[in-house]
1. Given the structure, is ALA139 more than 15 Å from VAL61 (Cβ to Cβ), at pLDDT 90 or above and hydrophobic (A, V, I, L, M, F, W, C)?
2. In the stretch 52-63, which residues are loosely packed, with under 13 Cβ neighbours inside 10 Å and either on the phi > 0 side of the Ramachandran plot or among the basic types (Lys, Arg) (or both)?
3. What are the pairs, 6+ residues apart or on separate chains, where a residue within the stretch 43-57 that is over 17 Å from ARG68 (Cβ atoms) has its Cβ under 7 Å from a residue that is assigned to a helix (DSSP H, G or I)?
4. Can LYS71 be described as in contact with an Asp or Glu (Cβ under 8 Å, 6 or more places away or on another chain), modelled with pLDDT of 85 or more, within 30 Å of LYS110 (Cα to Cα) and in a helix (DSSP H, G or I)?
Amino acid sequence: MKKLILTLAVAVMGFTAVFAQDSTRRARRPMVNLTAEQRAERATGMMEKKLNLTAAQKQKVYAVELDRAKKADAFRNEDKALRKARMKDHKAELEKRKADLDNILTSEQKTKLDAFRAEAKEKGKKMRSGMERGRKDKAPVVSNPPTQG
C-alpha cells in the first residue's frame with residue numbers, strides 16, 4: 001500500500017512538472033529561403049500596394065530591388081573578415097538605393113516611404129530594447145550579502 005501511494009505521488013509530481021510548461025507561446029515559423037528575384041518581387045509588391053506605384057515605376061523599383069537583393073546575397077556569402085571590411089561599401093550601396101528610389105518616386109510617395117522607414121526604425125528600436133531589457137533590469141546576485149550590525 002505504501003509503495004502504491006508513493007508511486008502515485010511521484011506520478012502526480014511528474015505530471016505537474018510536465019503540464020507546468022508554458023504552452024501559450026507561439027512556435028516560430030521556419031525561415032523561408034527566397035531567391036533574390038522573389039525578395040525583389042515581394043518588396044516591389046509591398047511598395048506598389050502602399051505607395052500606389054505606376055507600371056513604369058514598378059518596373060524601375062523592381063530593377064533597383066533586384067540589384068539590392070543580388071548584392072545582399074553576395075555580401076552574405078563573403079567571408080566574415082571581408083564582410084567587416086566591406087561594411088562602408090555596403091552602407092554606400094544602401095544610400096545609393098535610397099537615392100535611386102527617390103529619383104523614381106513622386107514627392108507624395110517619398111513622404112509615405114519616409115514615414116514607413118521611420119515606423120520600421122522605431123519598431124526595430126523597440127524590439128532591440130525589449131531584447132536587452134532582460135539583461136539590464138536584473139540586479140546583480142550577491143551570494144554573501146553584508147550583515148548589518
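The values are calculated or read from the model by the stated rules, or taken from the named source; none is laboratory data. All values reported here derive from a predicted model rather than from experimental measurement. No Cβ is skipped: glycine too gets one built from the backbone with ideal geometry, and neighbour counts run over all protein chains shown.
1. On the way: more than 15 Å from VAL61 (Cβ to Cβ): yes; at pLDDT 90 or above: no; hydrophobic (A, V, I, L, M, F, W, C): yes.
Considered against the rule, which asks whether it is more than 15 Å from VAL61 (Cβ to Cβ), at pLDDT 90 or above and hydrophobic (A, V, I, L, M, F, W, C), ALA139 comes out as no.
2. Listed by number, the list holds a single entry, ASN52.
3. Taking only residues 6 or more apart or on different chains, the pairs are LYS50/LYS112; LYS50/PHE116.
4. Taking the combined requirement at face value, the residue satisfies it.
Condition check ((1) in contact with a Ser or Thr (Cβ under 9 Å, 6 or more places away or on another chain); (2) surrounded by 10 or more Cβ atoms within 10 Å (Cβ to Cβ); (3) polar (S, T, N, Q)) across all residues:
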| residue | (1), (2), (3) |
| --- | --- |
| GLU41 | no, yes, no |
| LYS50 | no, yes, no |
| GLU65 | yes, yes, no |
| LYS80 | no, no, no |
| MET87 | no, yes, no |
| ALA118 | no, yes, no |
